[in-house]
């Protein structure tokens with residue numbers, strides 16, 4: 001039996017101790033994305049653990065704060081389905097997440113009087129205060145995580161990630 005080739009140092013294959021080749025460059029790229037997400041999210045999840053919030057709940061609060069700042073949310077907030085459309089990570093049950101945020105006093109819900117099926121969600125002062133406390137530590141964490149990359153490299157990475165999300169026609 002012939003020994004397998006050792007993976008290139010610093011490669012994904014070396015990190016995960018994979019000695020057989022990937023099935024395709026597409027598989028390797030996908031697994032690289034998954035691994036990178038995992039590595040980058042670890043410290044972020046730790047940051048959110050202290051206030052007891054998940055990355056998805058944080059994302060909801062950020063969406064609501066942004067809509068409040070731009071005036072998109074009006075007096076009552078955004079419709080819950082609009083929030084679901086704007087999330088970075090798609091979730092099947094926006095209602096459950098909003099339930100948790102409401103129980104913590106971070107958001108308030110208002111049912112539309114014209115169409116009872118529509119539920120508006122708005123951010124509370126407590127929710128705004130939580131975001132304010134997380135803004136600087138999260139900004140510093142992002143800067144620390146990406147400090148070894150140049151602005152040009154980050155621009156190229158962003159371009160490639162957008163391209164990877166677009167499905168071929």
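None of the figures in this text is laboratory data; all of them are computed from the coordinates on show. Source: prediction; values computed, not measured. Backbone-built Cβ (ideal geometry, glycine too); neighbour counts: all protein chains shown.
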Tilt, helix 125-146 to longest principal axis of the chain (alpha-carbon atoms), in degrees rounded to tens, equals 20 degrees
For the chain, the longest principal axis of the Cα atoms and the Cα long axis of helix 55-70 enclose an angle in degrees, to the nearest 10, of 50 degrees
Counted neighbours (other Cβ, 10 Å), sorted fewest up, put 124, 95, 150 in the order 150, 95, 124
Taking every pair of Cα atoms in the range 40-164, average 1/r, invert it to obtain the Kirkwood radius, and report Rg/Rh to two decimals. 1.02
Round to the nearest 10 and give me the degree value, 0 to 90, for the angle of helix 151-165's Cα axis relative to the longest principal axis of the chain. 80 degrees
Gaussian network model of the chain, Cα springs within a sub-10 Å range: biggest mean-square fluctuation belongs to which of 69, 44, 83? 69
